[in-house]
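Heads up: the structure comes next, in structure tokens.
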Amino acid sequence: MDETEALCTKIGIMVNGELKCFGSLQHLKRKYGNGYTLLLKLVSDPKEFLIFFLGKLKQAKLKESQDGFLNVHIDDNSEKLFASLFSV
């Protein structure tokens, strides 16, 4: 996205050959960029961590888990999120 932001005024995103959205970077971020994505690497069992983590942050959702790597999306843009996240 950094290169796109520097070079383009409008952005189109295609999925499977179909144009899904089109607009300025700011428009797309505002419309589709809600929340944060965490990428985690665990050395212990991810199931135990997930039960604990997802229990503490109700707005967190597991997107992918593979070989000790977790991709978690949090649908929250509030500043309180970081306090909650780091307390966990």
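Quick note: the coordinates plus some simple rules give every number you see, no bench work behind them. On a predicted model such as this, the values are computed, not experimentally measured, just so you know. All Cβ positions, glycine included, derive from the backbone under ideal geometry; neighbour counts span all protein chains shown.
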Checklist line | Pair Val15, Leu85: separation of 7 Å Cα→Cβ label points (nm) | finding: 2.3 nm
Margin query: Under 5 Å between amide hydrogens, which residues at least 5 positions from Asp76 or on another chain qualify, with H placed 1.01 Å from N in the peptide plane?
Written below: Gly35, Tyr36
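Do you know the relative contact order of region 12-88, to the nearest whole percent, from alpha carbon pairs under 8 angstrom that are 6+ apart?
On the way: 82 pairs, mean separation 22.4, N = 77.
For region 12-88, the relative contact order is 29 percent.
Can you show me the helix-derived [θ] at 222 nm for the chain, built from DSSP H runs with n ≥ 4 at -39,500 (n - 2.57) apiece and divided by the number of residues, rounded to the nearest 500.
Values: 4 runs with 33 residues, N = 88.
So the calculated ellipticity at 222 nm is -10000 deg cm²/dmol.
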Margin query: If you take mean projected area of the Cα convex hull in nm² from the coordinates, which of [x] 6.6; [y] 5.5; [z] 7.6 do you get?
Written below: [z]
Next item on the list: Step through the residues of region 58-70 one at a time and calculate ³J(HN,Hα) from phi using the Karplus curve (6.51 cos²θ - 1.76 cosθ + 1.60, θ = phi - 60°), rounding each to whole Hz and writing x for Gly and Pro.
Entry: 5, 7, 8, 9, 6, 9, 7, 9, 7, 6, x, 9, 10
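How do Phe22, Phe86 rank when sorted from fewest to most other Cβ atoms within 10 Å of their own Cβ? Kindly include the intermediate steps, with their values, before the conclusion.
Numbers: Phe22 12, Phe86 7.
Sorted ascending by nearby Cβ count, the order is Phe86, Phe22.
DSSP beta bridges in the chain, what fraction antiparallel, as a percent rounded to 5?
Details: 17 of 17 bridges.
Counting only bridges with both partners in the chain, antiparallel ones make up about 100 percent.
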